Amino acid sequence: MNAYIESVIKNVEKKHSAQPEFVQTVREVLSSLSPVMDAHPEYEAADLLNRMVEPDRTFSFRVVWIDDQGKPHTNTGYRCQFNGAIGPYKGGLRFHPTVNESVMKFLGFEQTFKNALTGLPLGGGKGGADFDPSGKSDREIMNFCQSYMSALYRFIGPDCDVPAGDIGVGMREIGYLYGQYRRLKGVWENGVLTGKGLTYGGSILRPEATGYGAIYYLQEVLAHEGEDIQGKTIAVSGFGNVAWGICKKAMQLGAKVVTLSGPDGYIYDPDGVATEEKVNYMLEMRSSGRNRVQDYADKFGCQFFPGEKPWGCKVDVIMPAATQNDVLMASAEKIVANGIKYYIEVANMPTSNEALEYMMAQPNMIVAPSKAVNAGGVGVSAMEMSQNSERLAWTAEEVDERLHAMMKEIHRASVECAEEYGLGYNLVAGANIAGFKKVATAMMEQGII
Ligand code: GLU
């Protein structure tokens, strides 16, 4: 590995030993960049990498909310404005008990490269809170969102930082967050948030965008291998918004998603989550707040495996779409033993470094990285921002066409970058290099700041 990269990774490991997720993502991204650093000594001269692994700023704040019994609760809210070199900070808000500074920074770092890959002018950021929305009433959710926004509103804006949804934050939460922002600011600045409802500036297809984009990307990979998506079986983890979009698009294209998972285990549906009724039921499961995938098995009479992950299933394609570190070494070994060719990450950093390296080293496996595969979500968010600033709304056909073209371009640019550095069809390195190059060039041109 390039010596400068090694020294930066060491610095990060030493300085942030209490932030394992952040260290993990830095290691994954930087270790792809050796050939680029070798070819560009000016980056080291400008100490570009040490500057890149330090967020522009990360802050936390108190969020107090009152439950339905009148009892106050205190949570920690965060926003990490990681890199603003190519555009306003952009990235979702995650409400989940696992949220902490390490998780925020790993997501903000990933987001910086992902957003660059979309080809659109978006910096990288992420935020959230260690709040657990499961089992909360609608009024409690509204109360939490209002309190959260009261603390955050002065630090965001359509040309400064544009949050969106992520785990635990969907259209309902974005609505409450936007309502409070508007009340506090007293202006119509709906470009401050994306993932909004259609009546106040949301983009058509934004809820589907991440899942649709992931399937469009998969189609590019399959085409590269001379294969078609029709008839393919897919194991998916999670049952949220992203998994829902995957199921919907897979169904339209004649592929079958045969697993879904939740914190309680996974379901196996050999017929596929491939009818309107089944796909729509996923939305009901999510909005119930129960956070249980077993409901699906109970309703449609298929098998449920409590406490297990779906990675031992024999399928054509694996798509982890739940959360970080969903696929560790033991699961990777099962995937390899089953001879599965396509490992397509969808959630942010779903694979441990060790498991990722192991699968990438398999000569007959193709591994695609989440920062490319899931970029359709933030890409359509950028389209939502454009529509808001132009005060108009595109049709579903227009958005879908742009999303499809964007996913093709992300795949093409990744392939081109990997080839430029003699790495073959390495989609992981290609995406890291393509995202890095854009941010690096902007940072170099803007001077040492
Ligand atoms: N949370 C999503 C992501 O990980 C979407 C971010 C956005 O639309 O800004 O990319």
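The values are calculated or read from the model by the stated rules, or taken from the named source; none is laboratory data. Keep in mind that this is a model prediction, so the values were computed, not measured. Reconstructed Cβ throughout: ideal geometry from the backbone, glycine too, with neighbour counts over all protein chains shown. The area values use the complete protein model at the heavy-atom level, side chains included, leaving out ligands, DNA and RNA. Shrake-Rupley method; radii C 1.70, N 1.55, O 1.52, S 1.80 Å.
For region 121-142, a residue qualifies if it is open to solvent by less than 50 Å² (accessible area, probe 1.4 Å) and either within 23 Å of residue 372 (Cβ to Cβ) or touching a Leu at 6+ places or on another chain (Cβ under 6 Å) (or both), and the qualifying residues are 122, 123, 124, 125, 126, 127, 128. In summary, residue 219 fulfils each of the numbered conditions (1) more than 16 Å from the ligand (Cβ to nearest atom); (2) in contact with a His (Cβ under 6 Å, 6 or more places away or on another chain) with the single exception of condition (2). Looking at region 216-249 only, could you name the residues that are aliphatic (A, V, I, L, M) and farther than 23 Å from residue 324 by Cβ? Passing the criteria: 222, 223, 229. Of the residues that make up region 17-31, is at least one open to solvent by 20 Å² or more (accessible area, probe 1.4 Å), of a type in the set (A, V, I, L, M, F, W, C) and touching a strand residue (DSSP E or B) at 6+ places or on another chain (Cβ under 7 Å)? There is no residue in region 17-31 that is open to solvent by 20 Å² or more (accessible area, probe 1.4 Å), of a type in the set (A, V, I, L, M, F, W, C) and touching a strand residue (DSSP E or B) at 6+ places or on another chain (Cβ under 7 Å). Among helices (runs of 4 or more DSSP H) entirely within region 372-449, having at least 1 residues that are over 23 Å from residue 109 (Cα atoms), open to solvent by less than 30 Å² (accessible area, probe 1.4 Å) and within 16 Å of the ligand (Cβ to nearest atom) singles out 375-390, 396-420.
Scanning region 158-167 for residues that are in contact with a Phe, Trp or Tyr (Cβ under 9 Å, 6 or more places away or on another chain) and open to solvent by less than 30 Å² (accessible area, probe 1.4 Å) yields 161, 162, 163.
Among residues that are outside any loop (DSSP other than H, G, I, E, B) and either within 30 Å of residue 425 (Cα to Cα) or away from the ligand (no atom under 16 Å from the Cβ) (or both), residue 212 is included. Scan (1) open to solvent by less than 30 Å² (accessible area, probe 1.4 Å); (2) free of Cβ contacts under 8 Å to residues at least 40 places away in the same chain; (3) not charged (D, E, K, R) for the single condition residue 263 breaks and write down its number. Tallying (1) open to solvent by less than 30 Å² (accessible area, probe 1.4 Å); (2) free of Cβ contacts under 8 Å to residues at least 40 places away in the same chain; (3) not charged (D, E, K, R), residue 263 fails exactly one: (1). Taken over region 220-244, the residue count meeting the criterion of being assigned to a helix (DSSP H, G or I), open to solvent by 40 Å² or more (accessible area, probe 1.4 Å) and free of Cβ contacts under 8 Å to residues at least 60 places away in the same chain is 1. Residues of region 296-338 that are open to solvent by less than 40 Å² (accessible area, probe 1.4 Å) and either in contact with a His (Cβ under 9 Å, 6 or more places away or on another chain) or outside any helix (DSSP H, G or I) (or both): 302, 313, 315, 317, 318, 319, 320, 321, 322, 324, 326, 327.
Please return the ranges of strands (runs of 3 or more DSSP E) entirely within region 57-161 where 2 or more residues are more than 16 Å from the ligand (Cβ to nearest atom) and either over 27 Å from residue 430 (Cα atoms) or without any contact (Cβ under 8 Å) to a residue 24 or more places away in the chain (or both). It would help to see each step written out before you state the result.
Values: elements: 57-66, 72-83, 89-95, 123-129.
By residue number, 57-66, 72-83.
With respect to residue 281, determine if the residue is under 20 Å from residue 134 (Cα atoms), open to solvent by less than 80 Å² (accessible area, probe 1.4 Å) and not basic (Lys, Arg). Yes; evaluated as a whole, the condition is true for this residue.
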